[in-house]
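Since the structure comes first, as structure tokens, the remarks are kept for the end.
The values are calculated or read from the model by the stated rules, or taken from the named source; none is laboratory data. Since this is a predicted model, take the numbers as computed values, not measurements. No Cβ is skipped: glycine too gets one built from the backbone with ideal geometry, and neighbour counts run over all protein chains shown. These area figures cover heavy atoms from the full protein model, side chains too; ligands, DNA and RNA do not enter into them. Shrake-Rupley method; radii C 1.70, N 1.55, O 1.52, S 1.80 Å.
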Amino acid sequence: MAEQELAENTDEMAAAMAAAAVAAEIDDISRNREGEMYRQPTYGETDPGQGSAEAAEDDAASAYLTIKELRSISRARSLRLLADDVIVAIDGVPFDKDIETFLDIMFECDPENGKLLTIWRNGVLFNVIARGPLGCILEHTKPEVAEKATEDFAGFTVDPIETYVTFEVLRDIYRSCMVLDTRLSPMAMIFPPLWLMQHRLWEVLIAVFLIYGTTLAVHWVLFIIAYIILSIYFRKAHLVIRRSFAMMRGRHIWMVIAEKSELETQRVCRRIDPKCIFTPDLVGPPVTDEKPKKKRRRRGKT
């Protein structure tokens, strides 16, 4: 009897252990399935060799920032920047940081002085002064483009921002360009008629002479008041007047460049478009297309 009871107890213990093992295995399988169901996908998981290669490629691509897309109303559009323009440097220092750092720098810059941005466009480097965020979508530059921009920037000299002036270049459909200096000319405030003749703003000049003549005919004090008021007006609106009349004559703003002189501005524009024409031209004649040779008509033999 004792042996029989011991055997039965042993069988029961073995059965209980087997049932516990099966239950534990079922629980493990259930946990694994739940883990697979709720696990968030991780992008970019690769083997160690491939991961290191992609990391090196990302480091090379993040050397500069490229403008991917411009908003309809933005500072980048006002500066006439284009998609695929590469931001190479800020105040002459190569920029090799992330997008967030660039946004912080532009957001915190002085709105009066701004930041001098060096832009690379199809092998040509030029500067612009941005006085706040550009308002465009940025992305990291591709390695091959960053390499070309680095080679070009190696021979490019950037001076302190105080030495640069913003020039606006307006161009028509015939590539005839006019360069506007955004600085105030003292002549516009001291003697407006001479400034108007200098820039060939004949319509405005006639209106100014009519105002001067009418007020002088009434009383000399009224003439002085009109003279002072017009001087203040031309001091504030000199750039708007020149830009408006240029647009009225068929030109539109093509480039906005920060340079030291009009000569340097024309040189940059000529590198971007070798066929552009300037009046007055300070850099020599533009590249012209050769006229096709006229074919002589052969007469048939009789």
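Computed with a 1.4 Å probe over protein heavy atoms only, the accessible area of Trp254 comes to about 40 Å². Give the carbon-plus-sulfur fraction of the accessible surface of region 215-280 in %, rounded to a whole number; probe 1.4 Å, heavy atoms of protein chains only. Using a 1.4 Å probe with all protein chains present, region 215-280 comes out at 67 percent carbon and sulfur. With R₀ fixed at 41 Å, the C-beta to C-beta distance from Trp220 to Asp84 puts the FRET efficiency at about 0.10.
Computed from the alpha carbon positions, the gyration tensor of region 125-250 leads to an equivalent ellipsoid with semi-axes of 43, 16, 13 Å, biggest first.
What part of the accessible area of region 72-132, given as a whole %, is carbon or sulfur when the probe is 1.4 angstrom? About 49 percent, which is the carbon plus sulfur part of the accessible surface. If every alpha-carbon in region 69-145 counts as one equal scatterer, what log10 I(q)/I(0) does Debye give at q = 0.21 1/Å? Result of the Debye calculation: -0.99. With K and R counted +1 and D and E -1, the other residues having a Cβ less than 10 Å from that of Ala246 yield a net charge of +3.
Ordering of 174-180, 193-199 by packing is 174-180, 193-199, highest average first (other Cβ atoms within 10 Å, averaged per residue).
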